[in-house]
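The values are calculated or read from the model by the stated rules, or taken from the named source; none is laboratory data. Being a predicted model, the structure only gives us computed values, none of them experimental. Ideal geometry is used to build each Cβ from the backbone, glycine not excepted, and the neighbour counts take in all protein chains shown.
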Amino acid sequence: MSQKVLLTSKEVHIILHRLACQLIENHLDFSNTILIGLQPRGKFLAERIKQILETEYKVPAIQLGFLDITFFRDDFRKSDKLLEANKTQIDFLVEDKKVVFIDDVLYTGRSINAALTAIQSFGRPSEVELLTLIDRRFSRHLPIQPDYRGRQVDAINNEKVLVKWLENDGEDAVYLVTK
Amino acid sequence: MKELSVNHLIGIKHITKQDIDLIFETADQFKEVINRPIKKVPSLRDVTIANIFFENSTRTKLSFELAQKRLSADVISFSAAQSSVKKGETLIDTVNNILSMKVDMVVMRHSSPGAAHFLSQNVKASIVNAGDGAHEHPTQALLDSFTIREKLGDVGGKKIVIVGDILHSRVALSNIFALQMQGAEVKVCGPKTLMPKHIESLGVKVESNLRKALEWCDVANMLRVQNERLDVSYFPTTREYTQQYGVTKELLDSLNKEIVIMHPGPINRGVEITSDVADSQQSVILDQVENGVAVRMAVIYLLASKIKQ
């Protein structure tokens, strides 16, 4: 197993700021926008984006929720491992709101597909966008593309993109791991 | 990755503390799901479940059906009263006939202890025991513990007294196993005639005085007087039972602490507990019913994930 650094801590920070600015460009004061971090790994990215928007760009009171898609996945009983659920925390309705899904890596697109179904349990959003730190090109199973992407990566199937966060893994970095 | 240690839920005795923890962690998420505007997830859309009830049930049957539907499973239900069982068909034949219609899981209630275990040995489907005679009722015990955990933070170290007809109660036996496995202390309280011989061998203490039992406990689980199972007189009159083992508001108020009152239902109002106790702040009877759906969703979800396609 070998691993290569895709993004260093400094690069991650620059990208997070760019993504935050791109969100402001489209959503201005976020009064009608809801950020949704996809559990488990999108949670960290979503919290970071919210923090940058609030402290650096003084956008007040951003609504942030976390959505767990375990029970909506299309591979239940198809993979050998049990799909273990995480906490969903959406204390508001998304009816007629602009929803931004936030996840760390976009790969096959199946998680996003499940999230699109899952979010309907909380109302009918007026539109849904997707923000992702890493976009693994050419590996999509479904016609799903990000609206905001941090970095595009070409990785083959036996490679894995590993996103680490300071608060959880001790550093901010992105690695390409070859099994 | 964690998974259940069993392929069937026959009784609490057959599962482990880790299984209970996993069921509760999963049930936490399902409880959130059933409080959403749209209370349904598509996980089990390719799973078919048969509910076979050879004995009457309202709550358990509704709760299981609702849990299955909230998981998007296809559900068929039958009660023995309207079935070919009356024509003399054996249990295995009945169930195998249902299974040949491509059913993946069977939820069964039966009046014979061991019926669910017998079935799990003889048919190819995942079996969930919804009560077998006076043996076990595992999902009830799980939802009772889940409710205690929700109310008091943890089951471990808590003192629980089970009051009433211990002799005929599958709820009591499953609860004793489940509570002890999680590190709770259990006492049973009731008339001597309704106390099984050698109950102490399960590691529970017997207390014949209700007031003393209530003063000792954090939670009192009041069992129903099962008139339909009382073939001979176990106590002189219902009135005498109520005077000795019925919980009243006055009795609760005279204790030096606030205890939690549970009841598996259906309640005989004015027998085991009075109406004002059943409807009081201390009663979690309706929480038990709500949690029943979440816990049963978790059990079915976790067992279904073990059915190979």
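Any residue in region B:53-65 that is surrounded by fewer than 21 Cβ atoms within 10 Å (Cβ to Cβ), within 14 Å of another protein chain (Cβ to nearest Cβ) and among the hydrophobic types (A, V, I, L, M, F, W, C)?
No, there is no match, as no residue in region B:53-65 is surrounded by fewer than 21 Cβ atoms within 10 Å (Cβ to Cβ), within 14 Å of another protein chain (Cβ to nearest Cβ) and among the hydrophobic types (A, V, I, L, M, F, W, C).
Quick one: which residue in B:V95, B:V106 is modelled with pLDDT of 90 or more and either in a strand (DSSP E or B) or out of contact with any His (no Cβ under 6 Å at 6 or more places or on another chain) (or both)? Let's see the steps before the verdict.
Values: B:V95 fails: modelled with pLDDT of 90 or more.
Residue meeting the stated conditions: B:V106.
All but one of (1) over 20 Å from the mean Cα position of the chain (by Cα); (2) crowded, with 17+ Cβ neighbours inside 10 Å; (3) under 20 Å from B:D276 (Cα atoms) hold for B:Q243; which doesn't?
(2)
Name the one entry in B:A116, B:A213 that is assigned to a helix (DSSP H, G or I), surrounded by 24 or more Cβ atoms within 10 Å (Cβ to Cβ), in contact (Cβ under 8 Å) with a residue 24 or more places away in the chain and small (G, A, S). It would help to see each step written out before you state the result.
On the way: B:A213 fails: surrounded by 24 or more Cβ atoms within 10 Å (Cβ to Cβ).
So the residue among B:A116, B:A213 that is assigned to a helix (DSSP H, G or I), surrounded by 24 or more Cβ atoms within 10 Å (Cβ to Cβ), in contact (Cβ under 8 Å) with a residue 24 or more places away in the chain and small (G, A, S) is B:A116.
Quick one: in region B:257-309, which of the residues that are of a type in the set (G, A, S) and part of a loop (DSSP other than H, G, I, E, B) is surrounded by the most Cβ atoms within 10 Å (Cβ to Cβ)? If you could, list the steps in order and put the result at the bottom.
Applying the first criterion (of a type in the set (G, A, S)) to region B:257-309 yields B:265, B:270, B:275, B:278, B:280, B:283, B:292, B:294, B:298, B:304-305.
Still in the running and part of a loop (DSSP other than H, G, I, E, B): B:265, B:270, B:280, B:305.
Details: B:G265: 17, B:G270: 14, B:S280: 15, B:S305: 21.
So the residue we want is B:S305.
Of the residues that sit in region B:35-85 and are touching a Phe, Trp or Tyr at 6+ places or on another chain (Cβ under 6 Å) and modelled with pLDDT under 90, which one is nearest to B:L303 (Cα to Cα)?
B:S79
Working only within region A:37-79, note down all residues that are outside any helix (DSSP H, G or I), closer than 22 Å to A:A173 by Cα, more than 14 Å from chain B (Cβ to nearest Cβ) and in contact with a strand residue (DSSP E or B) (Cβ under 6 Å, 6 or more places away or on another chain).
Hits for region A:37-79 are A:G37, A:L38, A:R41.
Here is a yes/no grid of residues against (1) buried (at least 21 other Cβ atoms within 10 Å of the Cβ); (2) closer than 27 Å to B:K197 by Cα; (3) over 16 Å from the mean Cα position of the chain (by Cα):
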site	(1), (2), (3)
B:V123	no, no, yes
B:N129	yes, yes, no
B:T147	yes, no, no
B:E150	no, no, yes
B:G153	no, no, yes
B:K158	yes, yes, yes
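Could you list, in sequence order, the residues of region B:279-309 that are within 13 Å of chain A (Cβ to nearest Cβ) and aliphatic (A, V, I, L, M)? Steps first, please.
From region B:279-309, those within 13 Å of chain A (Cβ to nearest Cβ) are B:294, B:297-298, B:300-309; that's our starting set.
Passing the criteria: B:A294, B:M297, B:A298, B:I300, B:L302, B:L303, B:A304, B:I307.
Filter region B:28-64 for residues that are part of a helix (DSSP H, G or I) and more than 15 Å from the chain's Cα centre (by Cα) and give the result. Give the derivation first.
Let us first name the residues in region B:28-64 that are part of a helix (DSSP H, G or I), namely B:28-33, B:59-64.
Those that are part of a helix (DSSP H, G or I) and more than 15 Å from the chain's Cα centre (by Cα): B:D28, B:Q29, B:F30, B:K31, B:E32, B:V33.
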